[in-house]
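Below you'll find the structure, written out as structure tokens, and then a few comments.
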Amino acid sequence: MVGLMVLSLNVKADTLVGPGGAFQPWTAAVLGPTNAPTYTSPGHPGPYWNNFSGDGPTANIGWCMVGGGACVIASPPGAIDYYGTSTGAAVANMNFVSNGSAVSVSLLGQLTNQTGTAQNPGYNVFGWYQINSNGTIGAMTQLWNTKTDTVGEFATFTPGAAGTSYGLFLENIQGNGQADYFWFMNSSQDYSAGPDKNPPDTNQHFAVFSGTPGQFFIGVDDTNNGNEDFNNMILKLVNVPEPHTFALLGIGLLLYGLRMNKRTV
């Protein structure tokens, strides 16, 4: 009875959209063996995120997903579908569409030297942003930064009413304090600031993987014209069930317990 009740609950889930994009299947075979990994190239077609990482040959986001490589996260989900084109390329402009419920995002891992230490004062700031009706970046909200926050950090936010579009951003603050780079899920909006800035690249800095409905795993690349390993931050984004969902489930469990108790008396 409880199982049927849980299945009957209206499970809401945010969606991911982007021109020319869809969730694409892949297998761990595209990564190659741990002693001889392979990477996406003209001679070896594959996902846009499967590149060599300076953190180790088995450290890009693909290895984070399947486990067993140099990128270690808790409970790796496996080779779940990623968002891209039918040829494996990145989608330059993608965003989430809210179902109206809250969103929880947690930090599963970060393979980056941008940690805000005395030896290397550069650091990253992560957060979410609203999207204006004309598609431009709206209000930006910081959730954490690598100077003070570590793996296990999480935050909850509500993007807005159902149908509201929103995205995630990463700000890479250079150690000399002279240049900032802002990376958005819409790469055409990326920009840089500061006297020592370089023009931002035109690459997509986010790789999004789909879990169960309302659950996404996300890899972020923080480097301008970098190696695109998407492991500098590894995130999990899930929709938070509404309070009445828990209430209904609790009532179901109570009724089930009472029924079983009558049977045993």
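The values are calculated or read from the model by the stated rules, or taken from the named source; none is laboratory data. Computed from a prediction, not measured in an experiment: that's the story for all the values here. Using ideal geometry, Cβ is built from the backbone for each residue, glycine included, and neighbour counts are taken over all protein chains shown. Just so you know, the surface numbers come from the protein's heavy atoms only, side chains and all, with ligands and any DNA or RNA stripped out. Shrake-Rupley method; radii C 1.70, N 1.55, O 1.52, S 1.80 Å.
Odds and ends about this structure:
- Filter result (of a type in the set (Val, Ile, Thr), more than 15 Å from ILE234 (Cα to Cα) and surrounded by fewer than 18 Cβ atoms within 10 Å (Cβ to Cβ)) within the stretch 44-95: THR85, THR87
- Single residue of the stretch 224-256 satisfying the filter (modelled with pLDDT under 65 and of a type in the set (Gly, Ala, Ser)) that is least open to solvent (accessible area, probe 1.4 Å): GLY252
- Count of residues meeting criterion [surrounded by 16 or more Cβ atoms within 10 Å (Cβ to Cβ) and more than 20 Å from THR223 (Cβ to Cβ)] in the stretch 98-129: 8
- Selection of first residues in the stretch 105-118 that are free of Cβ contacts under 8 Å to residues at least 12 places away in the same chain and of second residues that are open to solvent by 30 Å² or more (accessible area, probe 1.4 Å), restricted to Cβ pairs under 8 Å at least 6 apart or on distinct chains, gives the following pairs, ordered by first then second residue: ASN113/ASN120.
Matching residues to (1) open to solvent by less than 20 Å² (accessible area, probe 1.4 Å); (2) in contact with an Asp or Glu (Cβ under 9 Å, 6 or more places away or on another chain):
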| residue | (1), (2) |
| --- | --- |
| THR150 | no, no |
| GLY175 | no, no |
| ASP180 | no, yes |
| PHE184 | yes, yes |
| LYS197 | no, yes |
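- Residue identified as free of Cβ contacts under 8 Å to residues at least 12 places away in the same chain, within 18 Å of ALA92 (Cβ to Cβ) and among the aromatic types (Phe, Trp, Tyr) among TYR181, TYR129, TYR191, TYR166: TYR191
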